[in-house]
Amino acid sequence: MPITRTEFDAGLSDEMKRWMKTIHKFLSADKDNAYNEEELRGRVRPQRTEEVQITFRSSLGTPPEPTEGQKPTVPVPSGPVKKEELKAFKAALRRLVDLGAAEAKHAEGLVYYIYRHDLATFE
């Protein structure tokens, strides 16, 4: 499947785009809190379609109310994350920071991520 010039220039794969959109949507829905990598990994998973689904494990708290046009949150089955999925997840976090859509800061020995700006869409 071909990719656009913007995607090519940014070095984005379909998998990375799905992760970026999912992570960014989650962070933008909760702009007052920062999450470390493990917390984000436990709360968000991209769908294999163009729609992005924010997911939560029930043990991690109550999700925010869905905004207009957003689907309600759905629990995700827990389990091991595949090596390829983890690699794409980490690359997406780095790219969001590089693009200024998220900010990363060290606190308590961990790196935390927080929403900063809207994410340019890659169509």
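Given the condition modelled with pLDDT of 85 or more, part of a loop (DSSP other than H, G, I, E, B) and farther than 18 Å from L86 by Cβ, answer yes or no: does some residue in the range 20-31 qualify?
Among the residues of the range 20-31, at least one is modelled with pLDDT of 85 or more, part of a loop (DSSP other than H, G, I, E, B) and farther than 18 Å from L86 by Cβ, which makes the answer yes.
Could you tell me whether any residue of the range 60-83 is assigned to a helix (DSSP H, G or I), modelled with pLDDT of 90 or more and within 17 Å of W19 (Cβ to Cβ)?
No: zero hits.
Quickly run through the range 85-123 and pick out the residues that are surrounded by fewer than 17 Cβ atoms within 10 Å (Cβ to Cβ), part of a helix (DSSP H, G or I) and in contact with a strand residue (DSSP E or B) (Cβ under 6 Å, 6 or more places away or on another chain).
Matches in the range 85-123: V97 only.
The values are calculated or read from the model by the stated rules, or taken from the named source; none is laboratory data. In this text, all values refer to a predicted model and were calculated from it rather than measured experimentally. Note that we place each Cβ from the backbone using ideal geometry, even for glycine, and neighbour counts take in every protein chain shown.
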